[in-house]
Amino acid sequence: VSLRPTQLALLGVLLLAVSLAGVPFFLHTHAIPALHGVVVDGRGFGVSEASVFLFSEDEMRLVEETTSDEDGDFDFLLGVESGRVLVRPRAESGFLPAWSPANAGRAGRLPFVLRPARTLAVDVRDERGAPVPQAEVRVYEVRSEPAVVALARTDAEGHAVLLAPERAHVAAFAPTGPHLARWRFDADIASEGARLELVLPPARTVSGIVRGASGPLAGIVLVSWEEGLAEGWNGFTRSDEEGRFELPCSAAPTLVRALDPAGAHLPARLRVAERGDELVELTLERGTPLVVQTTRGGLPLESLVWSWSPQAEAWSWGVRSSASGRATVPVAKRFSIRAEPLDPAFAPLDAWDVAYEVGTLRLEAPKTP
Amino acid sequence: VRTSPRRRQGWILAFVSGVALGALVWRPAPLRAGSARANCSREGALDELERARLVQALIRAESTAVLLEQLAAAPSDSEGRP
């Protein structure tokens, strides 16, 4: 068979396209490798006999459990697509538990550096100063991806003792519904220990429905925050299949924010007055999807990207950009964008008061961080 | 008017090459940012972002609280589960 020059050229273009797509594209498999890792202390020495748990976050269940060996190494037999790993050292070790980042299932080898534990005593009281027994107290480690490292219930005296890192977010949740919370953000825990008091006000329930242009919206995140109170985050919930939700609120005026994690709708905000506004309705406008690309020297820079909606005076749900540095966020006709690179060496990038036009919004980081 | 097969293949080659070249060199045009005088207070919006970022991160951490509660309810092997 003889080929003409143009046929040969077409064949060449086809072969070039296949080469550019790459051999891995054709040989790609979905097998998830078994997870393994190492647990060390701040000086790099292995921490032995720590319990290591592998969870599936999709199914919210424990998948496998193992123990670190004398060098701090551990191996699981399994891998999980949306896996998350918890390391819990022995109580007498003096270290705090540690969580892997979310979706660590494909990470392969996971390193854990355990931090020394400090003692935190928490007293939970009501507004009259009476102790609140059976309140749930949580300690979150402060980092870009916080996680709960200690949980406890208060005793009959409203008292609980937990382990904590040197800086923590601490929350107390009412023992009975609605489970209103009170917070202490960025609390410093001294090396000799610390004591905190959290006051839980009387709670009420605000019920409502979230709608879009085509009907009720499911999976919308609703956040309730007491107006004017820096640590007055009452709680959050997600709307059900019929768009309905119930939120804990204090008796004071409260701001309810609605955020769409799917990124299709603009955020909305509603003020709930002191009493009598316990049935609310929120309508979310559909946003225009905008692709934001963050780069440095023309190369992708992975970031968390938010869009500001001036009408609602609210930020969208933050979206993590892909490996190509692109993220899609919903925007209105005018909007602002803030992108915070995952690498903290780079300063945040932003564009303020932008009029929407078709195209990609490119944000280029300065060459020298 | 009839086109010869050779000429038709030539057009196809030119089209495929053009698309491939276009995909390689195309770069999205940046949108224009407006004046610093936004219709919202930049400082106010950034204060609001502090809260939005914190709330989102803590909502994401909710699964760790649920999983820890599960562990507390069912002691692990290392704690003497039969």
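The values are calculated or read from the model by the stated rules, or taken from the named source; none is laboratory data. Being a predicted model, the structure only gives us computed values, none of them experimental. Cβ placement follows ideal geometry from the backbone for every residue including glycine, while neighbour counts extend to all protein chains displayed. Each accessible area value is taken on the protein alone, full model and side chains, heavy atoms only, with ligands, DNA and RNA left out. Shrake-Rupley method; radii C 1.70, N 1.55, O 1.52, S 1.80 Å.
Taking into account only those residues within the stretch A:64-86 that are among the hydrophobic types (A, V, I, L, M, F, W, C) and within 19 Å of the chain's Cα centre (by Cα), which is nearest to the other protein chains (Cβ to nearest Cβ)? Let's see the steps before the verdict.
First, pick out the residues of the stretch A:64-86 that are among the hydrophobic types (A, V, I, L, M, F, W, C): A:74, A:76-78, A:80, A:85-86.
Filter once more, so that each one left must be within 19 Å of the chain's Cα centre (by Cα): A:85-86.
Details: A:VAL85: 11, A:LEU86: 7 Å.
Here the answer is A:LEU86.
Cβ-Cβ distances below 6 Å connect the following pairs, each with a first residue in the stretch A:48-61 that is closer than 15 Å to A:HIS36 by Cα, a second residue that is in a strand (DSSP E or B) and open to solvent by less than 10 Å² (accessible area, probe 1.4 Å), and a separation of six or more residues or different chains: A:ALA50/A:VAL39; A:ALA50/A:VAL87; A:VAL52/A:PHE74; A:VAL52/A:VAL87; A:PHE53/A:LEU86; A:LEU54/A:GLY83; A:LEU54/A:VAL85; A:PHE55/A:ARG84.
For the stretch A:298-338, residues that are over 17 Å from the mean Cα position of the chain (by Cα), open to solvent by 40 Å² or more (accessible area, probe 1.4 Å) and among the hydroxyl-bearing types (Ser, Thr, Tyr) total 2. Looking for something within 24 Å of A:LEU198 (Cβ to Cβ) and basic (Lys, Arg) - is there at least one such residue anywhere in the stretch A:106-113? No, that holds for no residue. Evaluating A:THR294 against the criteria (1) under 21 Å from the mean Cα position of the chain (by Cα); (2) closer than 22 Å to B:ARG51 by Cα; (3) not aromatic (Phe, Trp, Tyr) leaves one unmet condition, (2). Could you check, for the stretch A:160-167, whether at least one of its residues is charged (D, E, K, R) and open to solvent by less than 40 Å² (accessible area, probe 1.4 Å)? Checked the stretch A:160-167: no residue is charged (D, E, K, R) and open to solvent by less than 40 Å² (accessible area, probe 1.4 Å).
Please note which strands (runs of 3 or more DSSP E) are completely contained in the stretch A:138-213 and include at least 1 residues that are closer than 27 Å to A:ARG271 by Cα and either free of Cβ contacts under 8 Å to residues at least 12 places away in the same chain or in contact with a Ser or Thr (Cβ under 6 Å, 6 or more places away or on another chain) (or both). Show your work before the answer.
On the way: elements: A:147-153, A:159-164, A:167-173, A:181-188, A:194-200, A:203-212.
Counting at least 1 such residues, we get A:203-212.
Do the conditions hold for A:GLY228, that is, is it at pLDDT below 95 and either open to solvent by 50 Å² or more (accessible area, probe 1.4 Å) or in contact with a Gly (Cβ under 6 Å, 6 or more places away or on another chain) (or both)?
Against the criterion (at pLDDT below 95 and either open to solvent by 50 Å² or more (accessible area, probe 1.4 Å) or in contact with a Gly (Cβ under 6 Å, 6 or more places away or on another chain) (or both)), A:GLY228 qualifies.
Residue-wise test of (1) in contact with a Pro (Cβ under 7 Å, 6 or more places away or on another chain); (2) farther than 19 Å from A:THR360 by Cβ; (3) in contact (Cβ under 8 Å) with a residue 40 or more places away in the chain; (4) not β-branched (Val, Ile, Thr).
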site	(1), (2), (3), (4)
A:GLY263	yes, no, yes, yes
A:GLU274	yes, yes, no, yes
A:THR283	no, yes, yes, no
A:LEU301	yes, no, yes, yes
A:SER309	yes, yes, yes, yes
A:ARG326	no, no, no, yes
A:ARG334	yes, no, no, yes
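Restricting to the stretch A:173-217, what's the tally of residues that are exposed (fewer than 15 other Cβ atoms within 10 Å of the Cβ) and of a type in the set (Gly, Ala, Ser)? The qualifying residues number 8.
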